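> One structure is given below, represented as structure tokens, and several questions about it will come after.
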Amino acid sequence: MSRDRDFTSVGKALSAPARSVFLNLLMDGARRPAGELAQGAGVSASTASEHLALLVDAGLVTREVRGRHRYYSLAGPQVAAALEALGVLSDSTPVSGYRRSREMQHLAAARFCYDHIAGRLGIALTDAWTRRGWFADRESLRLTDAGADGLRGVGVDVDGAIQARRTTTLACLDWTERRTHLAGSLGAAVGQRFLEAGWVVRHRSGRGLNVTGKGQALVRTAWGIELPDQAADQ
């Protein structure tokens, strides 16, 4: 069997602006109804249904039927990582209006890339933990014993992440910062802990993250991280 890959079906799935909007809306790991996606892309329900069916067929999106409603989400963390990496090669969509500009600032400051923290917050955490020797190096982000102990110390389920049926640590290329942040099962465990502890909250738009007062105090005192204004809880 050839090691070459045929990218044409994925390329076709990515070739419409509305489908690009759908994927951007789903990048935070949320499960969203078809109507919300249609509204976000400014297309009719029937047009959205056609676009979403193509994304499902391409394996980029999954569909869940609940009664009369259909909900869509990314097909998994591998899809999110691939899209995040493609974002580095892609042009930014035009931003018009104050509200849209603020949303983009929030996304660049702190957001979920599927199930792990991305943006400047994700980069800053990864940098700080690497400096402390919690990762063996910045490229592989291999977890050290000191890192396991340090993350357990703030309540991260390190052992569950290690035992999960996916790669424990991955370096995910951040499309806004052009640098890598922590992904994999450990990245997901960190994201879950930050949410559960109330250190971050989802922005009211449903995409970016705000860091709460408790979260700001934690990252400043524990790891010396000064957060951008857009990440602060508004």
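Nothing in this text is a laboratory measurement; each read-out follows from the coordinates by a stated rule. Keep in mind it's a predicted model, so treat the numbers as computed, not measured. Neighbour counts run over all protein chains shown; Cβ positions are idealised from the backbone, glycine included.
> With each run of n ≥ 4 DSSP H residues scored as -39500 (n - 2.57), what mean residue ellipticity at 222 nm is computed for the chain after dividing by its residue count and rounding to the nearest 500 deg cm²/dmol? Write out the running numbers ahead of the final one.
Values: 11 runs with 114 residues, N = 234.
When only DSSP H runs of four or more count, the value is -14500 deg cm²/dmol.
> Give me Asp57, Asp115, Asp28 ranked fewest to most by other Cβ atoms within 10 Å of their Cβ, as a rough exposure proxy. Please list the in-between numbers first.
On the way: Asp57 12, Asp115 20, Asp28 23.
If I rank by nearby Cβ atoms, fewest first, I get Asp57, Asp115, Asp28.
> Summing +1 for each Lys or Arg and -1 for each Asp or Glu, what net charge is found among the other residues whose Cβ lies under 12 Å from the Cβ of Trp134?
Combined, the nearby Lys, Arg, Asp and Glu give +1.
> Next up: Given the options Ala128, Ser185, Phe112, identify the residue whose Cα lies farthest towards the positive end of the charge dipole of the stretch 98-231 (+1 on Cβ of Lys, Arg; -1 on Cβ of Asp, Glu).
Phe112
> Excluding Arg63 itself, what net charge comes from residues whose Cβ is under 15 Å from its Cβ, given Lys and Arg +1 and Asp and Glu -1? Provide the component values of the computation, followed by the final result.
Values: positive: Arg19, Arg31, Arg32, Arg66, Arg68, Arg70; negative: Glu36, Glu50, Asp57, Glu64.
Residues near Arg63 contribute +2 overall.
> Under a point-charge model restricted to the Cβ atoms of Lys and Arg (+1) and Asp and Glu (-1), what is the dipole moment magnitude of the stretch 98-231 relative to its Cα centre, in debye to the nearest 20?
Taking the Cα centre of the stretch 98-231 as origin, the dipole is about 500 debye.
> With viscosity set to 0.692 mPa s at 37 °C, what whole-number translational diffusion coefficient in µm²/s follows for the stretch 9-49 from Stokes-Einstein and a Kirkwood radius over Cα pairs? Intermediate values should be presented prior to the final figure.
Details: Rh = 10.4 Å.
The calculation lands on 315 µm²/s.
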